[in-house]
Amino acid sequence: MSYWTDAHCHLQDRFLSDPDAPDAVAATLARAYEAGINRVVVVGTDETTSKEALAITELSGRVDIFATVGLHPHDALGDLGPIAAMARSGHPRLVGIGETGLDYFYEHAPRSAQRDAFATQIALAHELDLALVVHARDAFDDLWSMLRSEGVPSRTVIHCFTGTPDDVHGCLELGCDISISGVVTFKNAGLLRDAVLEVPLDRLHVETDSPFLAPVPHRGRPNEPALVAVVGAFVAELRGEDVETLRVATATNTARLYQLPSP
């Protein structure tokens, strides 16, 4: 049997429903393995969560854990110095920079600060030959402009993609991969479902973005990596593909994106 990979999740303390529970992360990962997931990528969003992501990779168990470090656009006014230092540390399980990018929906940070932080992290991905993990919401025009001006890292993924078919094509033309979360299962996600049909199988990933965005029929509860199997099965049915075919393809794509050992 092949296994799913959760290409993007958050298992750090601030994201756990009960961080004080004994072995909370280990229990979450055990549930993931029982659901058929054997790899996760834990994503940093600021200095603290980036440190925690690297620490989580040291847990032993049946699920392989990898990490990224980065500064989320919501926190773009934060200090990138410590994150750059972590990125340059040579940690053996560090596989990417991000999540970074642009969020013009909430604008928790000024757009100019978001663009500056994004440019710095693009440069860091180039410098260290690491994957770039991009958050993009209501900002595709500026995203594409910045990627063109700064240069698209050879391994770049638009995580939790929620755009239109046209947005998919804009990202694909720049060489970006597309990662799909549980949003695709939501009732109002018609345009996103149309967009998913436009993604070539060899450019597609699945993720939970846990603890956010639990897929139907699990909405209203914290998301977790075990539910990437639900996302993957929904995407396979939507695309008219065999579940096993999609599971193997997405795991292989994520291994290529992050330069992981072959699944």
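Values in this text are rule-based calculations from the coordinates and carry no lab data. These numbers were taken from a predicted model, which means no experiment stands behind them. When we count neighbours, we look across all protein chains shown, and the Cβ atoms used for this are built from the backbone with ideal geometry, even at glycine.
Roughly what % of Cα-Cα distances in region 16-258 sit above 29 Å, to the whole percent?
24 percent
Springs between alpha-carbon atoms under 10 Å, Gaussian network over the chain: tell me which of 168, 43, 25 tops the mean-square fluctuations.
Most flexible of the set in this elastic network: 25.
Could you work out the relative contact order of region 146-263? I mean the mean sequence separation of Cα pairs under 8 Å and 6+ apart, divided by the number of residues, in percent.
Working: 183 pairs, mean separation 26.4, N = 118.
Over region 146-263, the number comes to 22 percent.
What do you get for GluC sites (Glu not before Pro) in region 1-86 restricted to DSSP loop and a cutoff of at most 15 other Cβ within 10 Å of the site's Cβ?
Answer by residue number: 58.
Count the net charge of all other residues whose Cβ sits under 11 Å from the Cβ of residue 186, scoring Lys and Arg as +1 and Asp and Glu as -1. Walk me through the numbers on the way to the answer.
Numbers: positive: 187, 193, 219; negative: none.
Summing Lys and Arg as +1 and Asp and Glu as -1 gives +3.
Determine the dipole magnitude for the chain: charges of +1 sit on the beta-carbon of Lys and Arg, -1 on that of Asp and Glu, nothing else is charged, the reference point is the Cα centre, and the result goes in debye to the nearest 20.
Working: 20 positive and 37 negative charges, 74 e Å.
That gives the chain a dipole magnitude of about 360 debye.
Tell me which cysteines of the chain come out unpaired when the rule is another cysteine's Cβ under 4.7 Å.
Result for the chain is 9, 160, no neighbouring Cys Cβ within the cutoff.
Filter the chymotrypsin sites (Phe, Trp or Tyr not before Pro) in region 182-249 to those in DSSP coil with at most 16 other Cβ atoms within 10 Å of their Cβ, and list the result. Don't skip to the end; give the middle numbers.
Working: sites: 186, 212, 234; in loops: 186, 212.
Here the sparse-neighbourhood loop sites are 186, 212.
What are the membrane-span-like helices in the chain by this rule: whole DSSP H runs, Cα extent along the axis at least 18 Å, mean Kyte-Doolittle hydropathy at least -0.5?
Values: long enough: 111-128 (26 Å, -0.21); 243-258 (22 Å, 0.08).
Helices passing the filter in the chain: 111-128, 243-258.
For the chain, modelled as a GNM with alpha-carbon contacts under 10 angstrom, which of 74, 91, 159 fluctuates the most?
Sorting by GNM fluctuation, first place goes to 91.
For the chain, set up a GNM with springs between Cα atoms under 10 Å and report which of 105, 161, 118 has the largest fluctuation.
105
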